[in-house]
Amino acid sequence: MSIVYGNKALEKYVREYRKKIVSKVRRIVLNTARLIEDTAKSLAPVDEGQLRQSIETTILSSDGLSAQVLVSAEHGIWVEFGTGIYAAGPGGSRAKNIPWRFYSTKLNRWVTMSGIKPQPFWFPAIEEGRRYFESELSKL
C-alpha cells in the first residue's frame with residue numbers, strides 16, 4: 001500500500017510560476033547581451049568601422065538562457081589594451097623594438113610608431129552589463 005501526498009492546484013501554480021520566471025530571465029539575458037553590444041559599439045573608436053561592425057550578439061541555447069557577445073576584429077585587443085609603450089594589458093608591452101616602422105598603404109608613406117594608447121570599450125561594456133544583470137535579477 002502506498003500513500004501519495006500532493007496538491008494539484010499547488011503543482012499547477014509552481015509550474016506556471018516557473019514559466020514566468022524563466023521568461024523573465026530569458027528577457028534579462030537578451031537585454032543584457034544587447035546592452036553589452038550597444039555599449040561596446042558606442043565606446044569603440046571608429047576609423048574604418050571594422051571594430052564596431054565586428055561586435056555582435058548570438059543567443060547560444062534554444063531556451064534563450066545564454067547569450068554570447070563577441071568581438072571578432074583581430075585588432076580589438078590592441079585597441080582595448082594599447083600597444084608598445086602604452087600597453088596596459090596583462091603583462092604590459094612585449095614589443096622587442098620600440099619605436100617601429102611600417103609602410104601604410106592608407107597614408108601612402110612610412111610611419112614610425114611607439115604604440116597606441118588604450119581605448120577601453122570592452123571591459124566598460126561588460127561592467128555595464130554586469131550591473132544591469134545583477135540589478136534586474138535582484139528584482140525577481
**Study point:** Scope the stretch 103-139; condition closer than 14 Å to TRP78 by Cβ and in a strand (DSSP E or B); matching residues
**Key:** MET113
Exercise for review: Would you please name the residue that is farthest from ILE126 (Cα to Cα), looking only at residues in the stretch 65-102 that are of a type in the set (Phe, Trp, Tyr) and in a helix (DSSP H, G or I)?
Suggested key: TYR86
Practice item. For LYS117, work out the one condition from (1) in contact with a Ser or Thr (Cβ under 7 Å, 6 or more places away or on another chain); (2) surrounded by 12 or more Cβ atoms within 10 Å (Cβ to Cβ); (3) among the charged types (D, E, K, R) it doesn't fulfil. Key: (1)
Practice item. Output the residue which, of all residues in the stretch 45-85 that are charged (D, E, K, R) and more than 19 Å from LEU35 (Cα to Cα), is surrounded by the fewest Cβ atoms within 10 Å (Cβ to Cβ). Key: GLU48
Check your understanding: Within the set of pairs 6+ apart or on separate chains, which have a first residue in the stretch 38-49 that is among the hydrophobic types (A, V, I, L, M, F, W, C) and modelled with pLDDT under 95, a second that is in a helix (DSSP H, G or I) and crowded, with 17+ Cβ neighbours inside 10 Å, and C-beta atoms under 8 Å apart?
Key -> VAL46/ARG52
Point to revise | One residue from SER104, SER93 being surrounded by 15 or more Cβ atoms within 10 Å (Cβ to Cβ) and over 30 Å from ARG27 (Cα atoms) | key: SER93
Check your understanding: So which residues in the stretch 1-41 are under 22 Å from GLN119 (Cα atoms) and either aliphatic (A, V, I, L, M) or surrounded by fewer than 11 Cβ atoms within 10 Å (Cβ to Cβ) (or both), if there are any at all?
Key -> ALA33, LEU35, ILE36, ALA40
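The values are calculated or read from the model by the stated rules, or taken from the named source; none is laboratory data. Keep in mind it's a predicted model, so treat the numbers as computed, not measured. Please note: Cβ atoms are built from the backbone with ideal geometry, for glycine as well, and neighbour counts cover all protein chains shown.
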